[in-house]
Amino acid sequence: MRDSIVVLDFGSQYAHLIAKRFRMLGYYSEIALPSAPVSTFENAKGIVMSGGPSSVYEEKVPEFNSEILNLSIPILGLCYGHQLMAKEYDGEVSKAEVGEFGIAHLTTENCPESPLFKNIEMPTQVWMSHQDAVTKLAPGFETAGFTKDCPFAAVQDLQRKRFGLQCHVEVKDTPEGNKIFQNLLLVRKIKEYK
């Protein structure tokens, strides 16, 4: 079986677009259910957890196999995926004081360096579509970027190779989206972080 990028589909209209973006970058990409067994990811180079219409704190949410987070490959959560990752690692998610819809500007000023943003000039334009937000970082995570109304717009745990972005990287309104996806795949080649 070929090495692949696996996109977990949480019901977002963008899951197929994420997979398409990786294919356009020359990578084999496939879509899987978030409840998929760990064996599904045997040849995965990385996993992207897509956005979705649910709130992570609702009773009826897509079933998620949390064992996926025990894998030693880079995992990137986008929008709902970002919030779910925070919740699974004991962070907090709630309704945002200010929802963001449309173009926003992500900055990394005074934040730790992130491999996701290598060779990307900051601030950078991103596309937001959320009413919920991460309101407390999970243990082990740090803020890697923020917008005017979203203090945890980008988070990371470099030791575990976990990344969360509140924005939609896969749409054209995030012009540096392809670079971010390519940078995610470079993370697996880095064995240690300072």
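The values are calculated or read from the model by the stated rules, or taken from the named source; none is laboratory data. Note that the coordinates shown come from a computational prediction; the quantities given were computed from them, not determined experimentally. Ligands, DNA and RNA are stripped out before the accessible areas are found, and what is left, the full protein with its side chains, is counted by its heavy atoms. Shrake-Rupley method; radii C 1.70, N 1.55, O 1.52, S 1.80 Å.
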Computed over the chain: relative contact order in percent, which uses C-alpha pairs under 8 Å that are six or more apart: 21 percent
Counting only protein chains, not ligands or nucleic acids, how are 160, 21 ordered by accessible area (probe 1.4 Å), most first? 160, 21
Count of lysine pairs in segment 84-186 with Cα atoms under 25 Å apart, counting only pairs 8 or more residues apart in sequence or on different chains? 15
I need the helices of the chain that pass two filters: whole DSSP H segments spanning 15 Å or more by Cα along the axis, and mean Kyte-Doolittle score no lower than 0.0. 177-187
Once the convex hull of the alpha carbons of segment 18-102 is built, what does its volume come to per residue, in cubic angstrom? 114 Å³
Using every alpha carbon pair in segment 73-166, what percent of pairs falls into each 5 Å bin from 0 up to the bin containing the largest distance? 3, 15, 29, 26, 19, 8, 1
Of the heavy-atom accessible surface of segment 73-144 (probe 1.4 angstrom), what whole percent is carbon and sulfur? 45 percent
For the chain, state what percent of all Cα-Cα pairs lands in each successive 5 Å bin, counting from 0 Å until the bin that includes the largest distance. 1, 8, 18, 23, 23, 17, 8, 2, 0, 0
State the Cα centre-to-centre distance between segment 140-159 and segment 81-130 in whole Å. 6 Å
For residue 134, tell me the accessible area in Å² from a 1.4 Å probe, rounded to the nearest 10. 10 Å²
What percent antiparallel are the DSSP beta bridges of segment 1-68, to the nearest 5? 0 percent
For the chain: accessible area per residue (Å², 1.4 Å): 50 Å²
Percent antiparallel among DSSP beta bridges (both partners in the chain, rounded to 5): 55 percent
